[in-house]
1. Can you list the helices (runs of 4 or more DSSP H) found entirely within the range A:25-131 that contain at least 3 residues being on the phi < 0 side of the Ramachandran plot and at pLDDT below 60?
2. Which number in (1) surrounded by fewer than 20 Cβ atoms within 10 Å (Cβ to Cβ); (2) in contact with a Ser or Thr (Cβ under 7 Å, 6 or more places away or on another chain) marks the one condition that A:E156 misses?
3. Which ones in the range B:212-222 are more than 23 Å from the chain's Cα centre (by Cα), in contact (Cβ under 8 Å) with a residue 24 or more places away in the chain and open to solvent by less than 60 Å² (accessible area, probe 1.4 Å)?
4. Provide a single number: the residues in the range A:168-211 that are more than 8 Å from DNA strand C (Cβ to nearest atom) and touching a residue at least 40 places away in the same chain (Cβ under 8 Å).
5. Looking at (1) within 14 Å of chain B (Cβ to nearest Cβ); (2) at positive phi, which is the one condition that is false for A:V16?
6. With of a type in the set (A, V, I, L, M, F, W, C) and more than 14 Å from chain B (Cβ to nearest Cβ) as the only criterion, which of A:L21, A:L40 stands out?
Number of protein chains: 2
Amino acid sequence: MFKILVVEDERDIQDVVAYNLQQAGYEVLTAGRGDEGLRLAKSQRPDLVLLDVMLPGLSGKEVCQEIRRDPALAGMIIIMVSAKGEEIDRVIGFEVGADDYVPKPFSMRELLLRVQSAFRRTTARPTPAPPAEVTFEFGVLRVDVAAHRAWVQGREIELTALEFKLLVTLHDRKNRVQRRDTLLSDVWGVSMDVTTRTVDTHVKRLREKLGDAGVYVETVRGVGYRFSDTPESAVPQSEEG
Amino acid sequence: MFKILVVEDERDIQDVVAYNLQQAGYEVLTAGRGDEGLRLAKSQRPDLVLLDVMLPGLSGKEVCQEIRRDPALAGMIIIMVSAKGEEIDRVIGFEVGADDYVPKPFSMRELLLRVQSAFRRTTARPTPAPPAEVTFEFGVLRVDVAAHRAWVQGREIELTALEFKLLVTLHDRKNRVQRRDTLLSDVWGVSMDVTTRTVDTHVKRLREKLGDAGVYVETVRGVGYRFSDTPESAVPQSEEG
DNA sequence: CGCAGTCGTTACGGTTTTGTCGCACTTCGC
DNA sequence: GCGAAGTGCGACAAAACCGTAACGACTGCG
């Protein structure tokens with residue numbers, strides 16, 4: 001069973017979130033302070049950390065960075081951002097290394113979907129997590145997820161945060177079709193109201209920057225997109241069985 | 001969005017329940033018979049099944065057991081129990097593998113609460129991804145459902161979304177005849193107003209692309225089509241009579 | 001404040017997909 | 001054999017789909 005650490009200082013929110021996660025079958029740890037959360041993360045190695053930004057002791061941003069600094073902590077991080085009209089930019093989340101974010105206020109249903117989506121991406125990795133796939137490469141493409149860098153034929157290409165996340169998400173479930181709405185919820189987030197056509201645009205931009213490696217991102221007409229390591233357009237000869 | 005299948009023979013109840021669930025934002029399928037409900041459950045894979053106990057064709061109990069027998073169907077089941085029975089009914093619901101029950105008569109508010117509660121629990125399942133039959137193959141045909149790709153004799157063939165769905169649907173109940181209207185509701189969907197002759201056209205196109213594997217799709221004159229792994233035309237031993 | 005970068009949306013157009021129709025052909029009862 | 005019903009098949013027009021470019025909103029930066 002998956003272990004989730006909730007770091008949130010507002011007691012009401014902490015209670016509700018913890019209760020619902022437990023009801024949903026997760027093992028839940030809670031912390032009310034940033035430093036306490038970091039300590040628990042290091043000692044308990046949760047699969048997922050739900051992290052508030054405004055925290056006493058240590059800010060969520062700092063906690064996030066500290067967690068990411070420790071290579072032994074391979075779990076995912078979802079940041080809960082107060083939608084107080086300030087810099088709620090998802091970029092903030094990405095900059096410090098979070099995998100996703102949830103704008104406050106959120107419904108439990110929304111949060112559960114996000115949590116589920118996060119675990120879906122990691123394809124059911126048990127608690128004794130081997131070091132996550134921080135880099136992957138094949139053919140002319142090489143991607144360092146942790147460093148947020150990508151190369152094509154040895155030449156580094158510059159991807160925006162969105163493009164990078166789209167690439168990683170596609171690769172996470174390579175050789176499987178991913179529908180547009182699935183990509184939207186995984187890359188953009190559930191509460192984002194963006195049209196599915198937006199996916200197309202970003203796929204196009206991604207392909208553009210990928211250049212020769214663009215063939216890996218395949219269109220499955222009427223369904224979605226698929227990251228394939230055996231692109232049809234690049235396999236002239238049949239495979240053996 | 002969550003998909004709910006309502007299996008209920010009383011038309012009034014079916015209408016009210018379906019309408020309210022739709023109003024609540026769910027995708028709703030309906031069936032008036034037990035066997036029809038089971039078929040829809042298998043083909044549409046709803047996240048939740050609302051199941052009446054007293055049903056023509058196949059009792060709710062049997063439907064429930066059949067659903068639970070299929071490991072590919074991971075959705076939840078709520079049984080709607082006629083209160084004119086005794087508390088026995090309540091126990092029955094759990095015995096046959098239902099996740100919850102609602103005593104009749106119930107208010108929509110009550111039912112909606114129960115449904116929401118079910119989804120809270122269901123979202124828990126870290127493995128909602130059905131380990132369904134993602135690939136199947138026999139003879140010269142190989143199909144990767146997740147990747148949405150198909151091969152005949154090692155050579156990849158390009159199927160449209162509809163053709164692919166038709167192929168998978170046929171294969172889902174291989175060696176069994178599927179009538180045209182059945183295929184229409186399973187592949188095209190219930191609200192589609194399409195002629196049954198359309199099925200013929202697409203079967204023809206599918207056969208064409210399948211090439212040597214086209215023999216698997218057999219015509220059952222006056223009824224529909226059948227996906228057979230032992231095609232008549234491929235059986236050398238034949239005795240004319 | 002202008003500039004550059006990012007991103008979501010919109011519109012356009014080519015291509016593919018798809019539902020329907022008419023007709024030829026097969027199958028079956030007689 | 002003959003007729004009727006059922007099915008295969010080719011063609012066609014409408015609709016859907018998707019790549020692409022362009023635009024505007026927004027943000028960070030100098």
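The values are calculated or read from the model by the stated rules, or taken from the named source; none is laboratory data. As the structure is a prediction and not an experimental result, all values here were calculated from the model. Positions of Cβ are backbone-derived with ideal geometry, glycine not excepted, and every protein chain shown enters the neighbour counts. Note: accessible area is taken over every heavy atom of the protein model, side chains too, but ligands, DNA and RNA are not part of it. Shrake-Rupley method; radii C 1.70, N 1.55, O 1.52, S 1.80 Å.
1. On the way: elements: A:34-44, A:60-69, A:90-95, A:108-121.
In the range A:25-131, the matching helices (runs of 4 or more DSSP H) lie at A:90-95.
2. (2)
3. If the condition is that a residue be more than 23 Å from the chain's Cα centre (by Cα), in contact (Cβ under 8 Å) with a residue 24 or more places away in the chain and open to solvent by less than 60 Å² (accessible area, probe 1.4 Å), then B:A213 is the only one that fits.
4. Within the range A:168-211, residues that are more than 8 Å from DNA strand C (Cβ to nearest atom) and touching a residue at least 40 places away in the same chain (Cβ under 8 Å) number 23.
5. It fails just one condition, (2).
6. A:L40
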